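Report on the following structure.
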Amino acid sequence: MYAIVEMAGQQFKVAKDQKVYVHRLQTEEGKKVTFDKVLLLDDEGNVTIGAPVIEGAAVEAKVVKHLKGDKVIVFKKKRRKGYRVKNGHRQSLTEIVVEGIVAKGAKKAAPAKPKAKAEKPAAEAKKAAPAKKEAPKKAAPKKAAVEDLSGKTVAELKEMAKAKGISGISSMKKADLIEALKK
């Protein structure tokens, strides 16, 4: 029996008692982890495909240790320019051992409670923000007129300048046309 599971943003094909190195997890060493984003299950030829995930399926694993991967050298060079940069990188990894694959009846992970705490300060910020926004609203119409002009094409700007009676528009660039129309 094997499963294809999404762990820490990557997809892995896992089987029971298999060691897997994934991007660093926040779980402590020795603790158990459950991954409920199972994309495919194969039970001796009986294949189940999720859309996008299989409901009730999960992979149970144990965190063995946190470690760093092998060093990768990043070397950049531009020939004949004297430009050479050498950097190294070691990815933070977590070694896990798959303890079991549950096909049905797995409990879904509970949503994190800190999200509710994050919403309260956002609501307070919204209450305080309208008092600050009242003063800039008076200056906003001038900026809106300038933004409208910058969004127009050169041909449209030239037509507007003709209508206002501005001379020498054939040699003007877009920025010059906007300046002339602002006056």
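Observations, loosely collected:
- Its alpha carbons considered, the range 2-106 gives a radius of gyration followed by a Dmax of 18.4, 64 Å.
- Sorting the segments 36-46, 57-67 by their residues' average number of neighbouring beta-carbon atoms within 10 angstrom, most packed first, yields 57-67, 36-46.
- Annotation for Ala175 and Lys16: the two label points, set 7 Å from Cα along the Cα-Cβ direction, are 7.1 nm apart.
- Normalising the Debye intensity of the range 1-42 to I(0), with uniform scatterers on Cα atoms only, and taking log10 at q = 0.14 Å⁻¹ returns -0.32.
- Relative frequency of Cα-Cα separations exceeding 16 Å in the range 17-74, percent: 58
Rule-based calculations on the coordinates, nothing more; no lab input. As the structure is a prediction and not an experimental result, all values here were calculated from the model. FYI the Cβ positions are ideal-geometry reconstructions off the backbone, even for glycines, and counts take in every protein chain you see.
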